[in-house]
Structures are given as structure tokens and as C-alpha cells.
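Chemist: I have a structure here, written as C-alpha cells, and I will follow up with some questions on it.
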Amino acid sequence: MIKRKRLGQHFLTSNEIAKSIISEAKITKNDTVFELGTGLGILTPLLCENAKKVISIDTDRELYQKAKSHFSGIDNLSIEYGDGFKKQYTFSIFVSNLPYSQSKEAIEWLANTPFSHGVIMVQKEFAEKLFAKSGKNRRAVSIIANYSFEIEKFLDVSKRNFDPPPKVDSVVLKITKKHTLEKDLISVINKMFAYRRKTIHNIFKQFGKETVIEKRLDDLSGEQIIDLAKEILER
């Protein structure tokens, strides 16, 4: 358990919240569900009740082995071991209580992955970054998330509902895919924000490009930043 806490993983203990997450996922018999982080398996059997297939993966071998044994009788469930971000699965619905340390990586991976919709639990402060639409509160992940998904806050979750309890509260979000972003474009957006204090003219110089735009990232909309990132790649 301590090992998982160090990795930023805190296990949901509330069956009521688990059922709410499953309900919001709107799973049908046509859906393949991908669960990142099997954990103690509080969501896993519930996901299987209505899905065509569920793929659940965990990076912790002990948790993987326990889940493999405990859920061996569920025919439409595939328990996997490894890094889900390095696997290639075809799925329509994504569900995860994301490890806090991997939230940004997960958003970028989902932005690059085709799927219909998902339900994710993230740290409250991270959710606030995702909802930031303009100005200094935005990060690269804000731009990536808002371009790639429709994001809706579904549920506030107190830290008391986890073992071990995290230091902060969590939020459950419903995400619906709008656009898929290529990895190269995601990389450019991240690098642009590394130079966010510079003008667009000077940011372009970091890529060996030229532009006459003297505004800064904080002055631009998310769509405008995406367009500039595409322009950097195309030149």
C-alpha cells in the first residue's frame, strides 16, 4: 500500500461513489471499456455488468495477480499487467481513478487516443487547471484538454473516501472526445508553454521559425494557440 501511495495512487473505498461512476459512464453491450489502474478492483466487476468487454490494467504486479485470481470467473474481463500508456487497445469508453502523478500524462495520452467518452477521477487542483479557459491560470494541459474534450464536472469526492487518504479532495469528470491531437502537436504545445513569458515572435524563434505576432500566450484563445502550434509543425 505504501508503494502505491508513493506512486500517487489512492484506492477508492466508497461503493456508492463507484456505482455513480459506473452509471455516468453509460456503458452498453456494444462498448469495450478500458480501465487504467485496476487497483483493488472496486470498479472492475461493475464495469463488466453491462459492457461487451472490459480491459483492466495495472502497473503493480501484486495487484494484477490478486485481480487476476479474484475476477477469474468474469468472462468478459481481461486483466492485464503493465503500463497502459504504452499499450495499444481499441476501446470506446475510458474509466480511471487516475494516479495523481500520472494525470497530465493520462490527459495527453487520451488526447492522442481515439475513443468515445470517459469518466475519470482527478485531484481537485488538477481539475481546476483543466477548466481554466484563459489567462495565467492556463497550462499546456488546459489547452490540450479543452481542445480534445468536452469536460463536465460530475462529482466532488472527499479525501475520506480513499485508502490511504490523500491530502486533497478529488473530482470526478465526464470527458467526451472532440478532437484527436498528434503526439508531435502535443509536444509543441508543451514547449510553447515552457516559454510562455516570451512573445509569440520569440517563441517561434525557439523552433527556428518566424512570425510577426508580438502577443503572448496569455492573450490568445485555446484555438489560436492550437493553430500556432500547427503552424510551427507545418513550416
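Quick note: the coordinates plus some simple rules give every number you see, no bench work behind them. Just so it is clear, the model here is predicted, and its values are computed rather than measured. When we count neighbours, we look across all protein chains shown, and the Cβ atoms used for this are built from the backbone with ideal geometry, even at glycine.
Residues are listed down the side, and each one gets a yes or a no for (1) assigned to a helix (DSSP H, G or I); (2) under 22 Å from the mean Cα position of the chain (by Cα); (3) closer than 14 Å to F91 by Cβ; (4) aliphatic (A, V, I, L, M):
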| position | (1), (2), (3), (4) |
| --- | --- |
| L40 | no, yes, no, yes |
| N50 | no, no, no, no |
| S56 | no, yes, yes, no |
| Q65 | yes, no, no, no |
| K68 | yes, no, no, no |
| S72 | no, no, no, no |
| I79 | no, yes, no, yes |
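Chemist: Do we find a residue being surrounded by fewer than 21 Cβ atoms within 10 Å (Cβ to Cβ) and either closer than 25 Å to K26 by Cβ or in contact with a strand residue (DSSP E or B) (Cβ under 6 Å, 6 or more places away or on another chain) (or both) anywhere in the stretch 131-143?
Modeler: yes
Chemist: Sticking with this structure for a sec: With respect to N76, is the statement that it is over 24 Å from L155 (Cα atoms), surrounded by fewer than 22 Cβ atoms within 10 Å (Cβ to Cβ) and free of Cβ contacts under 8 Å to residues at least 40 places away in the same chain true? Can you show your working first?
Modeler: Working: over 24 Å from L155 (Cα atoms): yes; surrounded by fewer than 22 Cβ atoms within 10 Å (Cβ to Cβ): yes; free of Cβ contacts under 8 Å to residues at least 40 places away in the same chain: yes.
Yes.
Chemist: For the stretch 81-96, give me each residue that is assigned to a strand (DSSP E or B) and not hydrophobic (A, V, I, L, M, F, W, C).
Modeler: Scanning the stretch 81-96 gives Y81, S96.
Chemist: Given the criterion in a loop (DSSP other than H, G, I, E, B), of a type in the set (S, T, Y) and either in contact with a Ser or Thr (Cβ under 8 Å, 6 or more places away or on another chain) or on the phi > 0 side of the Ramachandran plot (or both), identify the matching residue among T180, T176, T211.
Modeler: T180
Chemist: Same structure, new question: Given the residues Y64, Y100, which is the only one that is aromatic (F, W, Y), in contact with a strand residue (DSSP E or B) (Cβ under 8 Å, 6 or more places away or on another chain) and without any contact (Cβ under 8 Å) to a residue 60 or more places away in the chain?
Modeler: Y64
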